[in-house]
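The values are calculated or read from the model by the stated rules, or taken from the named source; none is laboratory data. All values derive from a computational prediction rather than experimental measurement. Note: ideal-geometry Cβ built from the backbone for every residue, glycine included; neighbour counts use all protein chains shown. The protein model used for the area step is the full one, side chains on, heavy atoms only, and it has no ligands, DNA or RNA in it. Shrake-Rupley method; radii C 1.70, N 1.55, O 1.52, S 1.80 Å.
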Amino acid sequence: MFGLQASGAAASWVVGRMGTDAHLYDDPDDASIPALLDSRFDADKVDALKRLLALIAQGVDVAHLFPQVISLPPPPAAAPPPPPPLTAQSNSIPFGQVVKNVASQSLEVKKLVYLYLLHYADKRQNEALLSINIFQKDLSDINPLVRACALRTMAGIRLHVVAPLVLVAVKKCARDPSAYVRKCAAYALSKLCDLLPDQATAFEEIVDILFHDNSPGVVGAAAVAFKSVCPSCLALLSKHFRRLCQTLPDIEEWTQIILIEILLRYVIARHGLVKDSLLSASNLSTDIQGITDSDPVVSVPTQPHPIGNGVCGTISNIMLFRHYIEEYSGFPDRQGNDSSSSSTATNSNDDVAILLKCTSPLLWSRNSGVILAAASVHWIMAPVEDLKKIVSPILFTLRSSPDAAYVMLGNILVFAKTMQSLFAPFYEDFFINASDPYQTRALKLEILTTIATESSIPAIFEEFQDYIKDPDRKFVADTVAAVALCAQKLPSIATACLEGLLALVFYESSISNSVRFDGEDAVLVQAILSIKAIVKMDPVSHEKVIVRLVRSVDKIKEPAARSLIIWMFGEYNFMGDLIPRIVPAVLKYLAWSFTADVVETKLQILNASAKVYSKLGLQLLSGD
């Protein structure tokens with residue numbers, strides 16, 4: 001039976017490899033590569049080159065195959081001995097047998113030779129330079145695929161001496177009749193910015209030519225080149241802006257993201273923020289002016305502005321868009337009569353209206369990155385009353401892959417903290433699924449606590465009751481922390497939250513004393529921390545909670561939990577009528593258990609005792 005299974009697996013393995021090049025990795029030395037490279041048939045050359053690339057993929061160094069001389073005959077020497085068969089340790093091969101095939105008429109042979117050259121161009125720089133003549137000749141080939149392949153290979157040779165020649169080739173190919181070649185020219189330009197830092201003017205001229213192209217693929221590649229070689233030259237976009245907006249829906253998805261960012265920077269740099277947009281309404285545009293990357297976020301003063309439910313104008317959120325705002329100052333074609341003007345109206349500005357109009361269909365793109373980029377445009381430039389249109393597309397992306405959903409949740413959290421009312425009606429979309437990873441669960445919990453309202457909190461707390469039963473104790477602890485945040489945000493539910501947290505403390509303490517589970521102590525400690533945070537808002541009103549918690553200290557053995565309860569006892573020992581009555585009994589118990597406690601708990605006992613006796617001393621001095 002086992003023999004039949006083994007033979008069946010072997011047969012499946014063989015069938016799966018049929019029609020592929022997987023056999024090249026089994027034993028790449030089983031054929032005479034030099035003989036195949038000298039063959040008259042292109043199929044033999046392709047097979048030999050594939051075997052060489054298989055060697056490279058397996059980590060074998062075959063740089064010795066790179067010819068020492070390309071265009072010159074070899075120096076005179078004695079007749080060499082017959083070449084040994086090629087092995088991983090072999091370091092001799094008949095002269096020029098690889099690179100000479102770059103002149104082959106077969107496109108497949110050329111591509112494989114180009115890959116070999118790119119891999120070893122850094123190690124054999126002199127030989128790579130000698131191959132430039134062949135690439136320049138291929139740039140005039142009748143086949144656009146050959147021209148594009150030659151340009152890509154030239155751009156991939158990262159040598160300073162080759163860069164000027166590559167720039168000349170890019171200028172030539174930027175006007176090529178083939179859109180594919182022009183697209184390759186745009187991507188090749190992106191590889192030259194670090195090799196030719198003094199050619200900024202030439203780069204801008206080429207980008208200007210590419211932006212004027214009629215092919216959407218070329219325009220998208222030109223946006224990538226613009227971001228790489230001249231990202232601050234926003235004035236270059238003035239004459240192309242409207243046509244770029246019209247082309248935006250037709251270009252590739254990932255280049256759409258880049259072009260949207262460029263167009264958004266241009267609009268803000270030239271026109272400023274829209275008067276009735278969220279950022280402008282929050283009175284933050286003037287505060288952001290002059291902020292630099294070295295300025296810490298926490299040092300910038302915040303000025304909240306009441307513009308609807310839950311809009312909090314915090315610099316910490318708006319700093320995400322700072323790189324757009326900074327472009328505004330000093331733009332040469334900026335509209336407006338006075339330099340202090342920092343906003344414009346949507347209905348009176350055609351550029352803003354066109355950008356919002358052309359990005360609206362992209363809110364329903366199949367690419368979540370495009371959706372987020374389009375939503376950013378509306379978030380920054382659209383009027384506040386029009387922001388609702390970005391909610392449904394953003395929530396729809398949560399049904400995509402876990403990675404994309406996690407990224408989108410992080411951005412939703414930023415949106416929700418800035419404008420709570422935007423996502424508050426859709427709280428059910430952030431309920432946690434059993435298949436969600438921990439990071440996604442944590443983000444959803446934070447979003448739920450951010451958008452919770454008086455009307456939605458009952459349903460949210462009902463969900464929290466199910467989360468507390470989850471086997472992941474770390475997630476349970478996060479849920480308990482979320483309860484405290486909701487109580488701090490909505491004081492009307494504080495009493496109900498305290499009752500539930502006390503019940504959880506008593507339950508968790510009984511479990512930890514009998515059977516210990518991983519993470520059980522974390523839940524108990526977090527429950528007491530949540531009680532402490534809620535009590536801190538109004539200690540006098542929650543005096544009975546403190547008393548109940550202090551009376552249970554003898555049943556709690558976790559040092560961190562005991563330390564928190566003892567701290568609360570010392571901090572609020574003088575408040576109300578009930579706590580002062582139990583002070584003597586509590587101090588007596590703490591003195592009795594002092595020797596058995598850990599250092600952390602002992603320090604809190606001493607701290608609480610000092611607070612009690614200092615209060616008594618003050619009362620004696622005052623005569624009370």
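Which of the residues spanning the stretch 518-537 are outside any helix (DSSP H, G or I) and either at pLDDT 90 or above or open to solvent by 70 Å² or more (accessible area, probe 1.4 Å) (or both)? Within the stretch 518-537, just 518 meets the criteria. Of all residues in the stretch 106-126, those being within 23 Å of residue 144 (Cα to Cα) and assigned to a helix (DSSP H, G or I) number 12.
Going through the stretch 148-198 one residue at a time, which ones are open to solvent by 10 Å² or more (accessible area, probe 1.4 Å) and among the hydroxyl-bearing types (Ser, Thr, Tyr)? Once the filter is applied, which keeps residues that are open to solvent by 10 Å² or more (accessible area, probe 1.4 Å) and among the hydroxyl-bearing types (Ser, Thr, Tyr), the stretch 148-198 yields 178, 180, 187, 190. Regarding residue 546, is this residue open to solvent by less than 20 Å² (accessible area, probe 1.4 Å) and either among the basic types (Lys, Arg) or in a helix (DSSP H, G or I) (or both)? When the stated conditions are applied, residue 546 passes them. Hey, could you check the stretch 554-581 for residues that are aliphatic (A, V, I, L, M) and open to solvent by 10 Å² or more (accessible area, probe 1.4 Å) and say which is nearest to residue 510 (Cα to Cα)? Out of the qualifying residues, it is 560. Looking across the stretch 128-138, the residues that are open to solvent by 10 Å² or more (accessible area, probe 1.4 Å) and among the aliphatic types (A, V, I, L, M) come down to 129, 130, 134. Applying the criterion of at least 1 residues that are within 24 Å of the chain's Cα centre (by Cα) and modelled with pLDDT of 90 or more to the helices (runs of 4 or more DSSP H) found wholly in the stretch 163-273 leaves 179-190, 216-229, 253-271. Of all residues in the stretch 169-193, those being without any contact (Cβ under 8 Å) to a residue 40 or more places away in the chain and closer than 12 Å to residue 155 by Cβ number 12.
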